[in-house]
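Worksheet: one structure, shown below.
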Amino acid sequence: MKKIKIIPMLIAASLTFTAAGCGNQQAANSAEIEEKINALENKLDAIMAQVSDSTEPTEADTEERELSDSEKQEVDEIVEHNIAEVAIEEEDAYPNVDDLGSDTTALSLNIPESELSEASLLFKTTDLDGNTVTSDIFMDYDITIMHIWGTYCGPCIEEMDKYAKFYDSIPSNINLVGLVVDVYDGYEDNVDYAKEILGSADADFQNLRTSESLYELEDEIDYIPSSVLVDRSGRIIGEILEGESFEATRERLNEYIG
């Protein structure tokens, strides 16, 4: 019986990996794979029915009821196929926004009025190159993602390449800017290090220095990385994504698409 019990576990594993792969890859749902799984399930049902008719199957019975080598290989191939599908990195498959590929056509957005803050985020500061930047930059985009990070923040540095790839793929009516909490307007401390981090990640989006006009926003945040979504008039959309990952930021943006 031990050998027979192994068989349903193996098929269950293949079904589990198939279900997991379905969420991300259409190939895991192919008719061919489903047909193979159904055929193997039918064989398993027949085997278990035979076993139930015999309280003490002989060793010969057990051997006869095992899947053949070719059938076992089919199961292994199904499992391996779906493991490969699940292993594909999500960062290369951004739903909704990044399915556009190189198409940067403006997306239709749906932002409920109830999601918008009453007051607008207004500021004046400089970017890492010393250029003056104000909240007027919001006016050119339906949504601006302000990504708040610091040069001392390990998680911020680790996921910077994700924001870099994201920026290269977002449509024309959405923008991404960074706000570096430990680089201050009027001071050069940490500027070179911030540029080094961005350069290593091939991040081309604009990054701002902290100024007095941004203290109020930063006072609401205890943890970084964080992100804020802002509309054309500077009103914050929804809640501040405090201490949240890139994936959470991307998912929040997707809520307003369509």
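Taken over the range 228-258, residues that are surrounded by fewer than 18 Cβ atoms within 10 Å (Cβ to Cβ) and within 15 Å of K162 (Cα to Cα) amount to 5. Taking every residue in the range 132-149 that is more than 15 Å from Y163 (Cβ to Cβ) and pairing it with any residue that is among the small types (G, A, S) and part of a strand (DSSP E or B), at least 6 positions away or on another chain, the pairs with Cβ-Cβ distances below 9 Å are S135/S120; F138/S120. Flag set for S213, criterion: in a helix (DSSP H, G or I), touching a residue at least 24 places away in the same chain (Cβ under 8 Å) and of a type in the set (G, A, S). Residues of the range 94-129 that are modelled with pLDDT of 55 or more and aliphatic (A, V, I, L, M): A106, L107, L109, I111, L116, A119, L121, L122, L128. I'm trying to understand the selection: among the residues of the range 229-250, which are within 19 Å of E158 (Cα to Cα) and either in a strand (DSSP E or B) or not hydrophobic (A, V, I, L, M, F, W, C) (or both)? Hits for the range 229-250 are L241, E242, G243, E244, S245, E247, T249, R250.
Among all residues of the range 120-128, there is at least one that is in contact (Cβ under 8 Å) with a residue 24 or more places away in the chain and within 15 Å of L198 (Cβ to Cβ).
Can you spot a residue in the range 225-243 that is in the same structural domain as I143 (by TED's automatic domain parsing) and farther than 21 Å from S117 by Cβ? No, the range 225-243 has no match at all. Take the residues in the range 157-184 that are of a type in the set (G, A, S) and part of a helix (DSSP H, G or I); name whichever of them is nearest to F205 (Cα to Cα). Here the residue is A164. Restricting attention to the range 128-156, the residues being assigned to a helix (DSSP H, G or I) and surrounded by 19 or more Cβ atoms within 10 Å (Cβ to Cβ) number 2.
Against the definition (under 26 Å from I237 (Cβ atoms), assigned by TED's automatic domain parsing to the domain that holds T144, without any contact (Cβ under 8 Å) to a residue 40 or more places away in the chain and acidic (D, E)), how does D161 come out, yes or no? Here the answer is no, as D161 does not meet what is asked. The listed residues are E159, E196, E188, and the only one of them that is surrounded by fewer than 17 Cβ atoms within 10 Å (Cβ to Cβ) and over 14 Å from D127 (Cβ atoms) turns out to be E196.
Yes/no per residue for (1) at pLDDT below 95; (2) out of contact with any strand residue (DSSP E or B) (no Cβ under 7 Å at 6 or more places or on another chain):
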| site | (1), (2) |
| --- | --- |
| E159 | no, yes |
| N173 | yes, yes |
| V181 | no, no |
| I221 | yes, no |
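The values are calculated or read from the model by the stated rules, or taken from the named source; none is laboratory data. Note that the coordinates shown come from a computational prediction; the quantities given were computed from them, not determined experimentally. Glycine gets a Cβ as well: all are built from the backbone with ideal geometry, and neighbour counts include every protein chain shown.
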